[in-house]
Amino acid sequence: MNERLMINAPNESVGEAQPNGWMNAELFLKWMHVFVKYSKPTAENPVLLILDGHASHKDLDVIEFARKNHIHMLSTPPSFDS
């Protein structure tokens, strides 16, 4: 990732990128860790995360992490966001 993209970003900002520019499951899982840190879901107060149907969102490690951290993932149907 080009570090210049993080100039003047808030101190707690996280910058990650893939060389090809596409999301993958590994990068999405890293994002999920940051999401949990700031959204603080609990069993009593779970979070609903609405996603498109990208393959990175359907990875088993991602799904297991979401379940363990009280995140309910809802995927939109194909072409829903266009």
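Here, each number is a calculation from the coordinates, and none is a lab measurement. Everything quoted here is computed from the prediction, not taken from an experiment. Glycine gets a Cβ as well: all are built from the backbone with ideal geometry, and neighbour counts include every protein chain shown.
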- Item | Full-stretch length increase - L27, A55 - with 0.36 nm per residue and alpha-carbon distance subtracted | 8.9 nm
- Using the number of other C-beta atoms within 10 angstrom as an exposure proxy, rank V47, V14 with the fewest first. V14, V47
- Along the positive direction of the dipole of the chain (beta-carbon charges: Lys, Arg +1; Asp, Glu -1; about the Cα centre), which of W22, H57, P10 reaches farthest? P10
- Message: Stokes-Einstein diffusion coefficient for the chain at 37 °C in a medium of 0.692 mPa s, Rh from the Kirkwood formula over Cα pairs: what value in µm²/s?
- Response: 232 µm²/s
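What is the magnitude of the charge dipole of the stretch 24-82 about its Cα centre, with +1 placed on the Cβ of each Lys and Arg, -1 on the Cβ of each Asp and Glu, and no other charges, expressed in debye to the nearest 20?
Value, rounded to 20: 220 debye.
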